[in-house]
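Worksheet: the structure to be examined is printed underneath.
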Amino acid sequence: MDEHSQILVPEAFLDLYRSPGRSRLGLPREQIAARHELCEDLAQAMTEHARTMLFSAGLAEDEVLRRCHAGLCASDAGLSAGEAEWVVRRLAELLEWPQPELPAHE
């Protein structure tokens, strides 16, 4: 990401690309910024789907988020496990729902 970019990538997202205890990123900032934009767009796009699941299927908020997480963790979703978790946590923020208990990712 060049110094003139206006995309602000949150530290929580940058942390997905750092080895534990390290500050160096495992991908170039431009690629991380592109992945963040994809994940943010996905979280934004999922808000209506999540609300629909809540009301039409009669599910609890945490169950809706767990089901979304399971779908995002599928091998054909194109996301890493960390990105899938980030998207669901961002989705919960956007919906103003409590953060769900999610399975740990590797």
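Quick rundown of the values:
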{"read-out": "Of the criteria (1) surrounded by 13 or more Cβ atoms within 10 Å (Cβ to Cβ); (2) more than 14 Å from the chain's Cα centre (by Cα), which one R66 fails", "value": "(2)"}
{"read-out": "Residues (at pLDDT below 80 and surrounded by 12 or more Cβ atoms within 10 Å (Cβ to Cβ)) located in region 1-26", "value": "M1, I7"}
{"read-out": "Looking only at region 27-41, and only at residues there that are over 14 Å from G82 (Cα atoms) and not aliphatic (A, V, I, L, M), the one that is surrounded by the most Cβ atoms within 10 Å (Cβ to Cβ)", "value": "R29"}
{"read-out": "Answer from E85, E106, E93 - the residue that is acidic (D, E) and either more than 26 Å from I7 (Cα to Cα) or modelled with pLDDT under 95 (or both)", "value": "E106"}
{"read-out": "Per-region count, region 68-106, residues assigned to a helix (DSSP H, G or I) and of a type in the set (D, E)", "value": "4"}
{"read-out": "Filtered residues of region 42-59 (kept if at pLDDT 95 or above and buried (at least 17 other Cβ atoms within 10 Å of the Cβ))", "value": "L42, A43, M46, A50"}
{"read-out": "Condition check for L79: buried (at least 21 other Cβ atoms within 10 Å of the Cβ) and closer than 23 Å to P10 by Cβ", "value": "no"}
{"read-out": "Search result, residues across region 25-48 that are assigned to a loop (DSSP other than H, G, I, E, B) and under 23 Å from A104 (Cα atoms)", "value": "G26, L27"}
{"read-out": "Selection from region 75-96 of residues that are more than 8 Å from the chain's Cα centre (by Cα) and charged (D, E, K, R)", "value": "D76, E93, E96"}
{"read-out": "Residue within region 49-67 that is within 19 Å of Y17 (Cα to Cα), of a type in the set (D, E) and in a helix (DSSP H, G or I) present", "value": "no"}
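The values are calculated or read from the model by the stated rules, or taken from the named source; none is laboratory data. Keep in mind it's a predicted model, so treat the numbers as computed, not measured. Because the Cβ atoms are built from the backbone with ideal geometry, glycine has one as well, and the counts that use them run over all protein chains shown.
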